[in-house]
């Protein structure tokens with residue numbers, strides 16, 4: 001019977017699903033394959049320490065920071081927000 005109230009654990013289920021989506025999204029963006037010796041955007045040399053620390057790296061630190069800033073501007077809302085949070 002529908003009562004209009006969320007069931008026990010519904011909020012935690014919503015939080016878990018949001019975190020799981022974020023983890024899947026982050027894992028899908030991980031690079032695969034061998035690291036490049038030169039940045040694919042600016043062609044600057046990528047230091048060996050970075051290539052070892054980040055498997056599959058394709059960008060130098062400067063280009064990666066710029067890329068990360070662009071990505072953070074494009075995302076940032078919880079699409080699973082509750083009805084109450086949407087009404088505020």
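Details
- Matching option when the condition is within 18 Å of residue 72 (Cβ to Cβ) and loosely packed, with under 11 Cβ neighbours inside 10 Å, among 32, 27: 27
- So residue 22, is it at pLDDT 90 or above and surrounded by 10 or more Cβ atoms within 10 Å (Cβ to Cβ): yes
- Residue under evaluation residue 78, criteria (1) at pLDDT below 80; (2) under 17 Å from the mean Cα position of the chain (by Cα); (3) part of a helix (DSSP H, G or I), criterion not met: (3)
- Of all the criteria given as (1) in a loop (DSSP other than H, G, I, E, B); (2) on the phi < 0 side of the Ramachandran plot, the one not satisfied by residue 43 is (2).
The values are calculated or read from the model by the stated rules, or taken from the named source; none is laboratory data. A quick note: this is a predicted structure, and the numbers were derived from the prediction, not measured. Cβ atoms come from the backbone with ideal geometry, glycine included; neighbour counts cover every protein chain shown.
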